[in-house]
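Here's the structure we're looking at; comments come further down.
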Amino acid sequence: MDFPRPLKGSSTQHLITTMLGDFWQNTDEWIPAKLIAALAAPLGVSPSACATGLSRLASRGVLEQSSAGRTSRYRFTHRARVRLRIGFEQVRLFGSQSNAWDGSWTVIAFSVPESSREIRDMFRSRLRWRGFAPLYGALWVSPRDHAEELEENCASFGVEDYVIFRTADRSLRGKSLIAAWSPEELAEQYAPFIESYSPWVEKANSGLVTAAEAFRVRTMAMDAWRAFPWNDPDLPAELLPEKWPLAEARKVFVQVYDGLAASALAHVDAIVADAAPSLGGSASCLPIETGR
């Protein structure tokens, strides 16, 4: 199974995954292709692009396909639903500074032969998703305790030549581990997000957003937000400059995503009632902040 990697600019496959994950990640209902196309249209996805995206997601093992007569239907595979739940939890907590830092780092040094370049690239992508960055080409670091999980990842990717250890910066000599990241580059990615979505906070609070707008804006906000953990490991506050922009970006995201949830779900229910009435009530929304 191979999920499409989050991008700075949305791809059709990524948008479809975000949209279906927002409303149907916890169900095994079959979703007709015509319903998916109707929902994707306001997101700028044409019917032909939607059909191609669904086919490619199925070939990647993210979706499974079934046909009922002349109607194609799709749903997440079991493995994809498991990954989506894990990914949603990571996205939900991203930027919340909910985990206290113990002052130690996880370090992995590994070697994958050139003949297995594809495995090496996939393994690096997994490391980046888990908040690691390369201090050197094959020496990756994270300020979180991922040692046990890393052993499982090495086994699942067939990486046999590696060493994993935990260390504090003060016990090392030479380059500081935080140098694996550029704070300036991490910070600058949030300005466009804040600029694009902060106006929708006031509109949502004023009740000036239609159900269709709520669906579109909420989906696009999640699609953009899901990309940030690929580039930002959500470093502990102790390692960051003051007034770190991730805090403001998260506040905007939560207010938009949770604040527009009811209206967005109403839009989905209306489209379902028209295109696939048998699925009425199957869609649902999960909040970013519990208690909402």
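In table form, for the structure just shown:
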quantity	calculated
Reachable aspartates and glutamates from residue 34, criterion Cα separation under 20 angstrom, eight or more residues apart if same chain	22, 64, 269, 274
Answer label, with mean projected area of the Cα convex hull in nm² calculated from the coordinates and candidates (1) 16.9; (2) 22.2; (3) 18.8	(1)
The chain - share of DSSP beta bridges that are antiparallel (%, nearest 5)	100
Cleavage-rule hits (trypsin sites (Lys or Arg not before Pro)) in the range 3-89: DSSP loop, at most 12 neighbouring Cβ within 10 angstrom	8, 70
Karplus 3J(HN,Hα) series, Hz, for the range 69-79 with 6.51 cos²θ - 1.76 cosθ + 1.60 (x for Gly, Pro)	x, 9, 9, 8, 10, 9, 7, 5, 5, 4, 5
Sulfur and carbon atoms: percent of accessible area, the chain [1.4 Å]	50
Solvent-accessible area per residue, Å², over the chain with all protein chains present [probe radius 1.4 Å]	50
Sites residue 90 and residue 51 - FRET efficiency at Förster radius 35 Å, r taken between beta-carbons, to 0.05	0.70
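The values are calculated or read from the model by the stated rules, or taken from the named source; none is laboratory data. In this text, all values refer to a predicted model and were calculated from it rather than measured experimentally. Here Cβ is always computed from backbone atoms with ideal geometry, including for glycine, and neighbour counts include all displayed protein chains. Heads up: the accessible areas ignore ligands, DNA and RNA and are worked out on the full protein's heavy atoms, side chains in. Shrake-Rupley method; radii C 1.70, N 1.55, O 1.52, S 1.80 Å.
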